[in-house]
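Here is the structure we will look at, set down as structure tokens.
Values quoted throughout were computed directly from the atomic coordinates according to the rules given, and no laboratory measurement underlies them. Just so it is clear, the model here is predicted, and its values are computed rather than measured. Heads up, the Cβs are rebuilt from the backbone with ideal geometry, glycines too, and the neighbour counts pull from every protein chain shown.
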Amino acid sequence: MNKQCKICQNDAPVLGNVPFDKGNENEANKIVPNGHEMIPYHRCLSCGFIFADAFDEWNHKMFTKYIYNDNFFKGLEGHGQSSRSEAQIEGMSSSYLDGLKLDTLIKQFQSTGFLKKHKSEMKILDFGSGGNPGDTAKALLDNDYQVMCHDPFAFISSADTLPRDFDIIYLIEVIEHCCDVHGTAQFIANHLSEDGIILMTTTLHPFPYSKDIINSWYITPRTGHVSIFSFESLFQLFRKHRINIVDTKSILVGKKIIQS
Ligand SMILES: [Zn+2]
């Protein structure tokens, strides 16, 4: 059945059906809502956005039971959490290393004048932090940045009290987890200062794509990957919320569009 694209409202037929537990080799750990449920993924014929809407009506309890449970936070690839307060080089989680990469990028942006503030004056928000703080934020805190954490998936939220003038909001491998992509983009637009920037990573799939995409490791319901973007779809989504996205190849960067 065709659906309407969540981003551009054009036709989005079914791309394929994916077993909920795809990629989980350990039978003993299988948790499948309603048995061997198949999850349909749709792809927009216009902007290339790929999405599953099977979880759009899930409540917090279902997400924490089936997706964001202990197994998820124990370290599915790309989401490793370290229990150490100070990670050693060999023991750093991938998330901690992401934080160190952000530090390097921020320094580069400062050296070119793209970011003007010193880190002591900068307000940073980790969106989808995976902890309070998560490991990515820990790496930045260890390097004397000021970072606040917000995680709608782990239900760490201080959204009501968060400032609305962050200089940097980063989302590292997060946006693919969002069912409500417009709500996410709006939240970011609402909390970013007029000259603030977004730093974002997610695996972009070019459009059009062969049926191989449905077999991609990246399309896995159990890891919460429900929104898979082409660059065009990501660009269009944020454009609707007055943010321009640029792919610098090292990271996706967003900046508010100045209204004249
Ligand atoms: Zn679309």
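State the extension gain, in nm to one decimal, for the chain segment bounded by residue 182 and residue 159, taking 0.36 nm per residue of separation less the distance between their alpha-carbons.
Numbers: separation 23, 0.36 × 23 = 8.28 nm, distance 1.64 nm.
6.6 nm is the gain from fully extending residue 182 to residue 159.
Holding the Cα-Cα limit at 32 Å, pick out from 101/240; 123/211; 116/240; 22/249; 61/117; 6/249 the pairs that are longer than that.
Details: 101/240 29 Å; 123/211 42 Å; 116/240 27 Å; 22/249 29 Å; 61/117 41 Å; 6/249 25 Å.
As for pairs spanning more than 32 Å Cα to Cα, those are 123/211; 61/117.
Using r as the Cβ-Cβ distance of residue 59 and residue 260, and R0 as 35 Å, what FRET efficiency do you calculate, to the nearest 0.05?
Details: r = 43 Å, r/R0 = 1.22.
Efficiency at R0 = 35 Å is approximately 0.25.
So for the pair residue 37, residue 195, with labels modelled 7 Å out along Cα→Cβ, what separation do we get in nm?
Each label point lies 7 Å from its Cα, and together they span 4.8 nm.
Kindly state, to the nearest 0.05, the FRET efficiency for residue 239 paired with residue 70, given R0 = 51 Å and r defined as their beta-carbon distance. Show your work: numbers first, answer last.
Working: r = 38 Å, r/R0 = 0.75.
Result of the calculation: an efficiency of 0.85.
Quick one: what Rg and Dmax do you get for the chain from the alpha carbons, in Å?
So, for the chain, Rg and Dmax equal 18.3, 59 Å respectively.
How large is the Kirkwood hydrodynamic radius of the range 111-260, in angstrom, based on all distinct alpha carbon pairs?
About 16.1 Å for the range 111-260.
Over the chain, what is the relative contact order in whole percent, taking alpha-carbon pairs under 8 Å and six or more residues apart? Each step should come with its number before you reach the end.
Details: 463 pairs, mean separation 50.9, N = 260.
In percent, rounded to a whole number, it is 20.
Extension gain residue 246-residue 104, at 0.36 nm per residue separation less the Cα-Cα distance, in nm?
Working: separation 142, 0.36 × 142 = 51.12 nm, distance 1.85 nm.
Taking 0.36 nm per residue and subtracting the Cα distance, the gain is 49.3 nm.
For a protection proxy built on the mean count of beta-carbon atoms within 10 angstrom, sort 119-128, 177-186, 55-64 highest first, please. Present the calculation step by step, with values, prior to reporting the outcome.
On the way: 119-128: 19.7, 177-186: 18.2, 55-64: 12.7.
Per-residue mean Cβ counts within 10 Å order the peptides as 119-128, 177-186, 55-64.
Given a Förster radius of 51 Å and the C-beta distance between residue 121 and residue 22 as r, what FRET efficiency does 1/(1 + (r/R0)^6) yield to the nearest 0.05?
Details: r = 45 Å, r/R0 = 0.89.
That pair, residue 121 with residue 22, gives E of 0.65.
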